Amino acid sequence: MNWQPLWLSFELALVTMLLLLVIATPIARFLAFTRMRGRGVMEAVFALPLVLPPTVLGYFVLVSIGSRSTVGQWYHDLFGTTFAFSFEGMVLASILYSLPFAVQPMQNAFEALDKRMIEASRTLGLNAWQSFFRVLLPGARVGVITGAVLSFAHTVGEFGVVLMVGGSIPGETRVASIAIYEHVENLEYADANAMALVLLAFSFIVLSVVYHYNRRLSRLGTL
Amino acid sequence: MIIVSVKKQMPDFSMDATWRAGREITVLFGPSGSGKTTLLRLIAGLEQPDEGRVVIAGRVLFDDQTNLKPEQRKVGFVFQDYALFPWLTVKENILFGIPKKNRKQSAEWMQTLETTFQISQLLHKHPAHLSGGEAQRVALVRALAPKPELLLLDEPFSAVHGQLRSELRSFIKNIQQQWDIPVILVTHDLTEAHLIGDRLVRLEAGRVTYEGSVDGLAQNSSSELLAAY
């Protein structure tokens with residue numbers, strides 16, 4: 001079996017997850033605590049990828065970063081290559097596609113955290129940033145970890161978006177889900193079976209570890 | 001000397017309270033909804049007055065030119081439900097407000113706190129495994145650990161009963177006397193106010209209606225009014 005698509009899937013998922021931790025955490029914090037009007041609209045925008053068909057999202061991303069677009073031309077001028085049909089383009093699409101899977105568990109955990117703990121930390125001498133890292137994140141770590149793991153697993157399993165934005169370039173954009181599809185198309189069932197079983201086992205192990213870890217943390221009162 | 005003179009307008013409540021306190025236990029006393037907790041939060045900087053002054057021992061925390069952040073005020077706050085950090089042990093909770101750069105000093109300080117407050121047997125427990133009285137004590141020690149200039153206690157007796165309540169009362173009195181720290185304590189229980197307070201401020205609908213000695217309240221209030229609490 002050719003392992004390269006699997007490694008590429010995991011690499012894509014890891015990069016997406018790490019970037020989403022940085023991007024989704026402040027978004028979730030903002031949505032959890034803001035009293036601004038229009039919060040519902042903002043929540044709807046961030047949740048859109050949950051209901052949008054992946055091919056539609058992939059199409060919008062493709063049009064936005066294609067070689068005729070401003071972003072695509074800017075990227076080409078800067079790096080001398082196309083943004084669409086590249087690993088970086090797939091990362092962008094994956095971030096957008098998995099954003100609600102990261103934001104929503106984090107937002108729920110932030111909202112459920114006792115706000116007096118944050119206030120207590122301020123009276124104990126922490127500024128707002130220190131309080132974010134020493135109280136909000138550890139207090140909501142079950143939600144943060146769940147968001148990270150879900151976005152990782154969701155990225156490993158994505159198909160329509162990466163097909164639209166990345167195509168199927170071996171070693172560059174041909175991830176496991178696309179490779180399985182192509183194996184089936186070519187009647188290579190042994191390869192399709194092996195790759196599908198690896199993904200199945202991986203998904204099961206990841207979810208088991210997350211549920212086990214969440215239960216242990218929940219006993220300590222973190223969310 | 002502590003000077004509090006604050007005004008705050010909220011959608012369904014207005015606060016206009018002026019009073020003073022010394023280095024003693026001042027009890028903020030009044031019925032539910034009279035603004036006692038709001039007043040503590042205004043002193044701690046967790047809420048902002050529309051106008052007024054908050055001064056502790058000559059240090060201005062709030063006026064028309066100054067508005068110190070909660071972390072700059074050196075005011076310890078014990079919340080009604082303690083707000084301990086459940087993912088940390090008791091020891092980690094207590095050390096939370098002490099800067100890490102002073103590790104050696106904080107180890108010595110921790111030793112002093114352990115001895116003074118007899119909490120050695122609790123240090124490695126998590127808050128979920130503490131009784132109500134133990135959690136209350138830990139919350140008090142945590143608030144005192146960064147050496148605040150004022151200690152605020154929001155309804156400290158609400159979750160403890162009987163013998164524990166009496167022990168907690170002695171505990172707070174001892175802290176105030178040994179550390180010579182001013183304490184402002186909120187309660188709606190007049191008996192508690194009499195048993196622990198040196199000075200009493202009665203708050204009704206956001207206004208101060210009595211300020212003076214605990215015993216003086218009885219002479220200033222009708223028996224019907226006192227019975228209402």
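Please treat every number below as a calculation from the coordinates, not as lab data. What you are looking at is a predicted structure, and each value in this text was computed from that prediction instead of being measured. All Cβ positions, even for glycine, are placed from backbone atoms using ideal geometry, and neighbour counts span all protein chains on display.
Can you pull out every residue in segment B:51-69 that is within 23 Å of B:Phe13 (Cα to Cα) and either touching a Pro at 6+ places or on another chain (Cβ under 7 Å) or in contact (Cβ under 8 Å) with a residue 12 or more places away in the chain (or both)? Result: B:Glu51, B:Gly52, B:Arg53, B:Val54, B:Phe62, B:Asp64, B:Asn67.
The rows are residues; the columns are (1) exposed (fewer than 14 other Cβ atoms within 10 Å of the Cβ); (2) part of a loop (DSSP other than H, G, I, E, B); (3) facing chain A (nearest Cβ under 10 Å).
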{"position": "B:Gln48", "(1), (2), (3)": "yes, yes, no"}
{"position": "B:Gly52", "(1), (2), (3)": "no, no, no"}
{"position": "B:Val55", "(1), (2), (3)": "no, no, no"}
{"position": "B:Glu71", "(1), (2), (3)": "no, no, yes"}
{"position": "B:Pro86", "(1), (2), (3)": "no, yes, yes"}
{"position": "B:Lys104", "(1), (2), (3)": "yes, no, no"}
{"position": "B:Glu108", "(1), (2), (3)": "yes, no, no"}
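Being part of a helix (DSSP H, G or I) and either within 17 Å of A:Ile169 (Cβ to Cβ) or in contact with a Phe, Trp or Tyr (Cβ under 9 Å, 6 or more places away or on another chain) (or both) is true of A:Leu96.
Count of segment B:1-50 residues, restricted to those that are aliphatic (A, V, I, L, M), out of contact with any Pro (no Cβ under 9 Å at 6 or more places or on another chain) and closer than 18 Å to B:Asp154 by Cα, is 7. Checking each residue in segment B:156-210 for being of a type in the set (Gly, Ala, Ser), farther than 16 Å from B:Gly133 by Cα and more than 17 Å from the chain's Cα centre (by Cα) picks out B:Ala205, B:Gly206. Counting only strands (runs of 3 or more DSSP E) wholly contained in segment B:2-45, the ones carrying 1 or more residues that are out of contact with any strand residue (DSSP E or B) (no Cβ under 9 Å at 6 or more places or on another chain) occupy B:2-10, B:13-21.
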